[in-house]
Each structure stands twice: as structure tokens, then as C-alpha cells.
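The values are calculated or read from the model by the stated rules, or taken from the named source; none is laboratory data. If you're wondering where the values come from, they're calculated on a predicted model, not measured in any experiment. Every residue, glycine among them, receives a Cβ derived from its backbone with ideal geometry; neighbour counts consider all protein chains shown. In case anyone asks, the SASA skips ligands and DNA or RNA and just uses the protein heavy atoms, side chains included. Shrake-Rupley method; radii C 1.70, N 1.55, O 1.52, S 1.80 Å.
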Amino acid sequence: MVDSQMLVALGLSLVGGLSTSLGALFVVLSDTPNMKMLGLLQGFAAGLMLSISFLDLAHNAINSIGFLKGNLWFFGGVIFFACIAKFIPEPTIGPSTDVKRRKKNGDEGGKDMVKKHRRQVLYSGIITAIGISLHNFPEGMAVFLGSIKGMRVGVNLALAIALHNIPEGVAVALPIYFATESKWQAFKLATLSGLAEPLGVVIVAYLFPSSLSPEILEGLLGAVGGIMAFLTLHEMLPLAFDYAGQKQAVKAVFVGMACMSASLYFLELSLPETMSL
């Protein structure tokens, strides 16, 4: 049973992890990545994450183990990820002022400016890759714990994380590509940073036995809800606002929430009882 659960979790986390490669392709196949589209995608992913955090994971934890315990686990997850974000801040794709400057001076001027500081840009890309890799460990843990609870939870977590990881792939590949002018190096480093997610599954599979008591499992999933909520509000929404504008990003958030709610409903109907909540 453990083996099959781990294989399912590994498969789902690979989907999420390798979506950083899609973000890298977004960079290497396009000379001028569409930052507004990236912001809308990030807003959509934020809506998915908020929906699954509050309406599914935290909601089920509170119903299963009580209001107080459910909230304690939820805010424990928030504090845990807040500590990670404090000590290993996840860099954004680039300051909005740089984007505005590129728009004003033309993209070629922006590229020339970046190429003058290749060493610094390369360094920032590598630091970004390391930061994103470390951030992907808790995401891999979340997918594994969700898969233990049921296929529906695991699939939805993997979907939300996969969409979130596409902009992360851009964040890694963009500075690497500008610094090295090598599409392969940009693609390779972004892909490697995403593979930290299935590695997180392997590590947590040995830390948490499959025979977890229902109360501990519900609590851990409530904590995962807190992690996802903090990740969304602290890192995803600001990026969406920066690149797509507040009004458009908010619309994308609610579209994402609606899609996740529909996904939760239809997966609940379609999956066998043993694989759902």
C-alpha cells in the first residue's frame, strides 16, 4: 500500500515539478515573455490554491478534529512556511521598474543593460533556482500527504502547484538565459529546480508512515492548507498584481477559485469511494 501511494504521489509531484520546464520553455521559445499573461496565470493559480486551502483542506480539518485543533494545525502550517519564506525568500521574476524600463526603452535596450551585468544576473538566477528548489520541498510533502488522504486531494493539490510552478520556471530561466545566452542552460536549471518536488515526496514518505492516525493526518492536511494559503498571499498574489494589474489579477483569482470548486465537485462524483474523501 505504501509503495502504491508513494508511486501515485511521485507521479503527481513530477507533474508539478516538471511544470517549471513549461515556464522555461515560455522563456526560451519567446524573446519577449508576455508578463501580463504570466501575471494572469499566477492569479488563476492563486485562486486554485486559496480555494483548496480554505474550502477543502482547512474546512475538512476543522470538521474532522474540531474548530480549535483544526485552526491550531492550520496556523502551525502558516508559521512553518513563514519561517521558510523569512530565511529563504523566493525571488520574483524581476522588479516591475525593470519591466517598465524595458517597455520604455525597448526590449533590446533592456537586454543590453542585463548583459552588462551578466555575472550578477547569473548569480541571481542560481540563487533563484536554489530558493525555488527549497520552496518545492514543502510542496512535494503536501502532494504526498494529500495522496495518502485520497486521490481527489492529491490531484487537486498537484494541479494547483503545477500552475504555480510555471511562473517559477520563468523566474529561474529568464536571468540564466539573459546571462549565458544559452537556452539549454536556462531550461536545464529550471527543470532541476522543479525536481526538488518529487525529492520532497521521497523524503517525507520515510518520515511519515502510511498508518498515520486519522486525527494526525487531518491535522497535517490542515497545516498544508496553512502553507498553501501563506504561499498564495505572500508570494503569488503580489506577483500577479505586479504583472497583470490588480483588477485583472483579482478576476483571475476568482476564475481560479470557481474552477477549483468545479474540479472538487466533479472529481468527487467521478472517483471511486475508496479514492475520494
Just for helices (runs of 4 or more DSSP H) wholly inside the range 1-117: which have at least 1 residues that are within 24 Å of the chain's Cα centre (by Cα) and modelled with pLDDT under 85?
2-28, 35-50, 67-87, 96-105
If you check every pair at least six apart or on different chains, which have Cβ atoms under 6 Å apart with a residue in the range 232-248 that is under 26 Å from I79 (Cβ atoms) and open to solvent by 30 Å² or more (accessible area, probe 1.4 Å) first and a residue that is among the hydrophobic types (A, V, I, L, M, F, W, C) and modelled with pLDDT of 90 or more second?
F241/A249
Residue match in the range 207-218 (condition: in contact (Cβ under 8 Å) with a residue 60 or more places away in the chain, among the polar types (S, T, N, Q) and over 18 Å from L122 (Cα atoms)):
yes
Tell me yes or no: at least one residue of the range 131-143 is surrounded by fewer than 23 Cβ atoms within 10 Å (Cβ to Cβ) and more than 20 Å from F81 (Cα to Cα).
no
Checked the range 173-201 for anything of a type in the set (S, T, Y) and open to solvent by 50 Å² or more (accessible area, probe 1.4 Å); matches are T180
